[in-house]
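Engineer: Got a structure here, written out as structure tokens. Questions coming.
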Amino acid sequence: MSDKPTSSGSIDLENPEFHKVMTLLTSTNRSVFLTGKAGTGKSTFLRFITDHSDKKLVVLAPTGIAAVNVGGQTLHSFFHLPFKPLMPDDPDFATPKRLFSFLMLNKPRMTLIKNLELIIIDEISMVRADIIDFIDKILRFATGNRRQPFGGKQLLLVGDIFQLEPVVTPDMKEILRRWYPTPYFFNARVFQEMDLVSVELTKVYRQTDKSFVEMLDRIRIGAPTQADMLAINSRLDPKGIDDDNSAFSMTIATRRDMVDHINESRLEALRTPTRKYFGEVTGEFPESSFPTDLELTLKEGAQVVFVKNDVGPVRRWVNGTLGRVVEATDDEIRVELENGSVYTVERECWDNILYKWEQSTHRVIEEVIGSFRQYPLKLAWALTIHKSQGLTFNRINVDVGRGAFTGGQSYVALSRCTSLGGISLRSTVNERDIFVNPTIKQFSRTYNDTAAFDAALNSAQADSLYGAASEAFDNNDYAAAVRLLCQATGFRNDIANPVISRLLARKVQSLVDGYDKRYLDLLADYAIQDAKLLDIAEGYFEKAETLRTKKWQPEKAVKEYDKALDIYPRHIAATLGKAQALLSLSDADSAISLLDKLTEDEPSDYRAPFELGRFFLSCGDYSNALDRLLVALGRNGNVAEIHDTLAEIYDAVEDAKSARHHRKLAAKLRG
């Protein structure tokens, strides 16, 4: 994927915020929160990411229908999450053994988790903080990386916290309050250990009226002006535009019973024959994940909404397109769209997938474990605010009944429409219906923080350089390791970090230990090779000794001595034998030179200077003889023959006292 995205089809890849997200996902391991007001293309961008990312990833969602819509799994099915509040101090999950035993995560699922590089969670605004912390615990235990948040895995969290919030019952709220100030995902304790980079998409594609977009922005953050309230309530029409049967419009209501009543009564009012279309379910496909009714009841004239994008080369409709049934037979349904086009609709198939790790190809694969087959239509004169999220309509009727009962509902409802003129209110919208939790406002101040984005890129560069330095160190390229380490500190200085300091200390110690072991191994190898060479040289030495001492063939002996010394130059006995053979051949100069060199090369051995001393004594050169014998004596004073020879020298120079002294020492040594 190129560094700079370009437009592709209907997706705006020149969007600057989306470009930042792609940079973070491709160039860093930093977790990202991708958010944006209604109509900014979050779902479209998410599909692009899943289709084009090279990372091993899974796409998860908090509900079955949301998971089916994004082609993924639910959080609960992927991680085997319990449905109870998941407290950090719950003893059932205190250790990896207890956790995995409770969750019954099998080895294939653990292998998959370990190999993941990116975990995408859609509709994150509906996910509780305790679930995020629990996922963090699972990932740390599963990867064995307990030091890093989420076990070092990258997360992409997608959603708008100003829209739908987590569903928390009163009893659950009391339990969660012990650990969390609010149930919103961003209050998870793991985010105290890491910087989540929040990127908000700001370009709105759904609405083009700038003043309407700005009004929706103020409503989104819970700060509508008096003029905004007047403008919204100017659309009050208790009768509602949906009473006009010729026009396409959608009623958006807060409660499911209101929606069911509208759809049932409008269908019943039609005087056309009722048609029932039965879907098919194969394998595992939970009813809660059905994208439409298994038993779909329609009539000609019924208003419907498409619940799946058209899969043809030219997309005739998308998820959320409104239409009207113009022909309904047992075998065929024809639908007219808002633009007047009429199409025959075919049955579609939705898959329930299970992510698996394929070891042979090192890929994350999607195993289809069940499917749902039905016409991609849903009776839709009315939808709940929740079901309308992500959809776009030209004409809507907003019916909040007794008022919005969760934060963001009014904003979601109003922002479904492409223009203010397309909105009709069944009842007045009060300021109390437009409320936002202060915690959400505070968290939103972290959106599009340029410093956080730059810090993430610098941190990623530092991570890369530190990793390269570690690899260079392991490959014994110490110059490169030092250079890379210095470059890394320019992006982020981790040297004073205790963890990094310990790592560096271990690296250096491992280097020292490695050299110590290598030295000892080399010594052992050398000793083995040395012994082998000495053994071979001994054969030539023994042959040379026989030639010199028993067969009186000094010339041949010299050749055999040379063979022994070529193989093992430090063979002292062979050098001494060769010197004796050279003396027998009257080559005194060569013998003396050989023994002088041996005297110098083997400073702890007495034999070379001793033989030289005896030779000079035999020649009557008492001065050189005495010099060599004293050297021999200095090296080993416990050899009787050295003292005997010294006594002879002292006798020759008429030093009777010294001669007697050395004879006594020789006698004493012989005992």
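The values are calculated or read from the model by the stated rules, or taken from the named source; none is laboratory data. In this text the structure is predicted, and so the values were computed from the model without any measurement. All Cβ positions, even for glycine, are placed from backbone atoms using ideal geometry, and neighbour counts span all protein chains on display. We work out accessible area using only protein heavy atoms, side chains counted, and drop any ligands, DNA or RNA first. Shrake-Rupley method; radii C 1.70, N 1.55, O 1.52, S 1.80 Å.
Engineer: About its Cα centre, how strong a charge dipole does segment 426-467 have in debye, to the nearest 20, once Lys and Arg get +1 and Asp and Glu get -1 at the Cβ?
Structural biologist: Working: 4 positive and 5 negative charges, 61 e Å.
Value, rounded to 20: 300 debye.
Engineer: Something else about it: Alpha carbon centre of segment 179-222 versus segment 39-110: separation in Å?
Structural biologist: Their Cα centres are 22 Å away from one another.
Engineer: What are the extents of the Cα atoms of the chain along their three principal axes, listed from largest to smallest and rounded to whole Å?
Structural biologist: Extents along the principal axes, in whole Å: 149, 53, 48.
Engineer: Evaluate the Debye formula for segment 341-401 with equal point scatterers sitting on the alpha carbons, no solvent, and hand back log10 of I(q)/I(0) at q = 0.14, 0.21, 0.24, 0.26 Å⁻¹, in q order, two decimals.
Structural biologist: -0.72, -0.98, -1.07, -1.12
Engineer: Once phi is turned into θ = phi - 60°, what whole-Hz ³J(HN,Hα) does the Karplus curve with 6.51, -1.76 and 1.60 give for every residue of segment 293-299, x standing for Gly and Pro?
Structural biologist: Running phi through 6.51 cos²θ - 1.76 cosθ + 1.60 with θ = phi - 60° gives 6, 5, 10, 8, 9, 9, 9 Hz.
Engineer: When the expected Rg is taken as 2.2 N^0.38 Å, what fraction or multiple of it is the alpha-carbon Rg of segment 274-389?
Structural biologist: Details: Rg = 16.2 Å, N = 116, 2.2 N^0.38 = 13.4 Å.
Ratio of Rg to 2.2 N^0.38 Å for segment 274-389: 1.21.
Engineer: Between Asn319 and Ile572, how many nm apart are label points set 7 Å from Cα along the C-beta direction?
Structural biologist: That separation, rounded to one decimal, is 9.0 nm.
Engineer: Next up: Using a 1.4 angstrom probe and counting only protein chains, how large is the accessible area of Trp350 in Å², to 10?
Structural biologist: Counting only protein heavy atoms, the figure is 10 Å².
Engineer: For the charge dipole of segment 144-209, defined by +1 on Lys and Arg C-beta atoms and -1 on Asp and Glu C-beta atoms about the Cα centroid, which residue among Met194, Thr182, Phe162 has the Cα displaced farthest towards the positive pole?
Structural biologist: Met194
Engineer: Here's another thing I want to ask about it. Students often forget the sequence filter, so: which aspartates and glutamates lie under 13 Å Cα-Cα from Lys556 once same-chain residues fewer than 8 apart are removed?
Structural biologist: Reachable aspartates and glutamates: Glu542, Glu545.
Engineer: By DSSP, what percent of the beta bridges with both residues in the chain are antiparallel, rounded to the nearest 5?
Structural biologist: Close to 55 percent.
Engineer: Consider all pairwise Cα distances in segment 25-119 and report the whole-number % of them above 22 Å.
Structural biologist: Values: 1894 of 4465 pairs.
In whole percent, the share of Cα-Cα pairs in segment 25-119 beyond 22 Å is 42.
Engineer: Given a cut-off of 28 Å, what percent of all Cα-Cα pairs of segment 335-487 lie beyond it? Don't skip to the answer; put the middle values down first.
Structural biologist: Values: 7152 of 11628 pairs.
That tail contains 62 percent of the Cα-Cα pairs.
Engineer: Let me ask something else about it. If amide H atoms are built 1.01 Å from N in the plane of the peptide, which residues on other chains or at least 5 residues away come under 5 Å of the amide H of Leu156?
Structural biologist: Residues meeting the amide H criterion: Val32, Ile119, Ile120, Ile121.
Engineer: Okay, next question. Which value, in nm² and rounded to one decimal, describes the direction-averaged projected area of the C-alpha convex hull of segment 64-148? Mind showing how you got there, number by number?
Structural biologist: Numbers: hull surface 23.3 nm².
That works out to 5.8 nm².
Engineer: Okay, next question. Just how much of Ser658 is accessible, in Å², when a 1.4 Å probe is used and the result is rounded to the nearest 10?
Structural biologist: Taking all protein chains as shown, Ser658 has close to 30 Å².
Engineer: Determine the order of Leu86, Leu533 by accessible area, beginning with the largest, at a probe radius of 1.4 Å.
Structural biologist: Most to least solvent-accessible, the answer reads Leu533, Leu86.
Engineer: Would you compute the Debye intensity of segment 518-596 from its alpha-carbon atoms alone, equal scatterers and no solvent, and pass along log10 I(q)/I(0) at q = 0.17, 0.25, 0.28 Å⁻¹ to two decimals?
Structural biologist: -0.63, -1.06, -1.22
Engineer: Could you give log10 I(q)/I(0) at q = 0.16, 0.17 Å⁻¹ for segment 130-197, computed by the Debye formula over C-alpha point scatterers of equal weight, without solvent?
Structural biologist: Evaluating at q = 0.16, 0.17 Å⁻¹ gives log10 I(q)/I(0) of -0.61, -0.69.
Engineer: Here is a follow-up. Please state the shape class of segment 406-546: rounded when a/c is under 1.5, otherwise prolate if a/b exceeds b/c and oblate if not, all from the C-alpha gyration tensor.
Structural biologist: Values: a/c = 5.71, a/b = 4.64, b/c = 1.23.
Prolate, since a/c reaches 1.5 and a/b exceeds b/c.
Engineer: Continuing with the same structure: Work out from phi, with θ = phi - 60° and the Karplus expression 6.51 cos²θ - 1.76 cosθ + 1.60, the ³J(HN,Hα) of each residue of segment 618-633, listed in order in whole Hz, and give x for Gly and Pro.
Structural biologist: 5, 8, x, 8, 5, 5, 5, 4, 5, 4, 5, 5, 5, 5, 4, 4
Engineer: Determine the alpha carbon to alpha carbon distance for each of Lys42/Lys299; Lys84/Lys114; Lys56/Lys441; Lys107/Lys308; Lys137/Lys356; Lys55/Lys84 and list only those over 27 Å. Write down the numbers at each step before the final one.
Structural biologist: Working: Lys42/Lys299 34 Å; Lys84/Lys114 25 Å; Lys56/Lys441 34 Å; Lys107/Lys308 35 Å; Lys137/Lys356 21 Å; Lys55/Lys84 32 Å.
Exceeds cut-off: Lys42/Lys299; Lys56/Lys441; Lys107/Lys308; Lys55/Lys84.
Engineer: Follow-up question, since we're still on this one. Could you size up the charge dipole of the chain around its Cα centre, putting +1 on the beta carbon of Lys and Arg and -1 on that of Asp and Glu, and report it in debye to the nearest 20? Mind dumping the intermediate values first?
Structural biologist: Numbers: 84 positive and 92 negative charges, 250 e Å.
Magnitude of the dipole: close to 1200 debye.
Engineer: Mind ranking Val314, Val307 by accessible surface for me, highest first, 1.4 Å probe?
Structural biologist: Numbers: Val314 110, Val307 20 Å².
Final ranking, largest accessible area leading: Val314, Val307.
Engineer: May I have the extent of the alpha carbons of segment 177-305 along their three principal axes, as whole Å values ordered from largest to smallest?
Structural biologist: Projected onto the principal axes, the Cα atoms of segment 177-305 cover 60, 50, 31 Å.
Engineer: Can you list the lysines whose alpha carbon is less than 22 Å from that of Lys559, not counting same-chain residues fewer than 8 positions off?
Structural biologist: Leaving aside lysines fewer than 8 places away in the same chain, those within reach of Lys559 are Lys532, Lys543, Lys550, Lys551, Lys578, Lys597.
Engineer: Could you tell me the center-to-center distance, by alpha carbons, between segment 526-605 and segment 406-452 in angstrom?
Structural biologist: First find each Cα centre; the distance between them is then 101 Å.
Engineer: In square nanometres, what is one fourth of the surface area of the convex hull spanned by the alpha carbons of segment 135-242? Before the final figure, lay out the partial values.
Structural biologist: On the way: hull surface 45.1 nm².
Over all viewing directions, segment 135-242 projects a mean Cα-hull area of 11.3 nm².
Engineer: Then there's this: Can you sort His261, His19, His52, His643 by 1.4 Å-probe accessible area, starting with the largest?
Structural biologist: On the way: His261 120, His19 55, His52 80, His643 5 Å².
Correct descending sequence by accessible area is His261, His52, His19, His643.
Engineer: Further question on the same structure: How big is the dipole moment of segment 292-423 about its Cα centre under a simple scheme where the beta carbon of each Lys and Arg is +1, that of each Asp and Glu is -1, and everything else is neutral? Debye, nearest 20, please.
Structural biologist: On the way: 15 positive and 17 negative charges, 121 e Å.
Taking the Cα centre of segment 292-423 as origin, the dipole is about 580 debye.
Engineer: While we're here: Keeping all protein chains in position, work out how much accessible area Ser288 exposes to a 1.4 Å probe, and write it in Å² to the nearest 10.
Structural biologist: Spelled out: Ser288, probe radius 1.4 Å, area about 90 Å².
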